[in-house]
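Taking it in order: structure first as structure tokens, then the write-up.
The values are calculated or read from the model by the stated rules, or taken from the named source; none is laboratory data. Keep in mind it's a predicted model, so treat the numbers as computed, not measured. Positions of Cβ are generated from backbone atoms using ideal geometry, with glycine treated the same way; all protein chains shown enter the neighbour counts.
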Amino acid sequence: MENLPPFELHRPEAAAEAIRLRAGIGGARYLAGGTDMIVNVRRGIENPTALIDLTAIEELGRINEEDGGVRVGALVRLDDLASHPAIAAGYQAVAEAAASVAGPTHRRYGTVGGNLCLDTRCIYYNQSQWWRESNDFCLKHLGDVCHVAPGGKRCFAAFSGDVAPAMLVHGAEAELAGPDGSRTIPLSELYRDDGMDHLALGDGELLISVFLPRPASGAQSGYEKSRIRGSIDFPLAGVAVLLAAEQGQVSDLRIALTGVNPLPKIVSGTDAFVGAPCDAEALDRIRDLVRTQAKPMKTTTVKPWYRRRVIGALARRLAARLA
């Protein structure tokens, strides 16, 4: 890795001030924990003229229980999210996902907002400057060819955040603020199926918080993932499942994937399981449904077919545990 290039550093104490700074400085970027962005800056992938350090904005670092659910500030540390009593009690998938991110040191610095807005990843993109230059760069950065799919003009870099799929199965909403005001959207609408432009944020917009609606009575959720090393690696494939049952029959089933698509993927077709028991046959169908909607490409050192098989197996095992 290279040394950090020169840049201005700003540390506002309010979200409105951060947004004003971002709007007034061309090439500025927001910075939270920096566990991923600083690596990209040192690799030459990111070249900000200024970094706007958000860590002094106390209003974004809180978890508050509200009527109908829990609001999680974008600057909440992943370690605090994983251990918060309200999250652990009502949103098990979120707690498990936060606890699984990288290693303990990363979780003490990394934030909810940073993990939700994580850049997409690919073995041809997340490399040093000289390595990428020797391969004529890639479609995602400075090049004109996708080395994963050379015949097309689409980037297949994979979204690999852990927290997003867990929050998606809980029906999360994202609060955003920018130069043109504030808005609230379903968290699912924050993402695009595009490895080069996967976030639907407006220019200068900042993720403020995420609201998690209170789950239905009896609903259980969980998160599992596969990675090469169990300590610090990003997921090769990750699955969040929410399952509710009444009198032995499924009343709600939601599944979301990470690591195998350019966005955190909500699995469609799960309504077909409502009203039926979650028996061995249903679990096999869940596995197969997930495999058909996971679209892993050669974005990691592990073969796509293996990741597709793994993500189906993880979904089946997790659904069985929750049932």
Report task. Answer with yes or no whether LEU199 is at pLDDT 95 or above and buried (at least 22 other Cβ atoms within 10 Å of the Cβ). Result -> no
Report summary line: Of (1) within 18 Å of the chain's Cα centre (by Cα); (2) modelled with pLDDT under 95; (3) within 22 Å of LEU190 (Cα to Cα), GLU59 satisfies every one except (1)
**Report entry** Sole residue being small (Gly, Ala, Ser), under 13 Å from ASN126 (Cβ atoms) and modelled with pLDDT under 95, chosen from GLY44, GLY27
**Finding:** GLY44
Requested in this report: Identify, from the list VAL274, VAL267, the residue that is in contact with a strand residue (DSSP E or B) (Cβ under 8 Å, 6 or more places away or on another chain) and more than 27 Å from ASN115 (Cα to Cα).
Outcome: VAL274
Query raised in the report: Looking only at residues in the range 21-38 that are in a helix (DSSP H, G or I) and touching a residue at least 40 places away in the same chain (Cβ under 8 Å), which one is farthest from LEU206 (Cα to Cα)?
Result: MET37
Report task. Give the residues of the range 266-301 that are in contact (Cβ under 8 Å) with a residue 60 or more places away in the chain and surrounded by 17 or more Cβ atoms within 10 Å (Cβ to Cβ), sorted by residue number. Result -> ILE266, PRO296, MET297, THR299, THR300
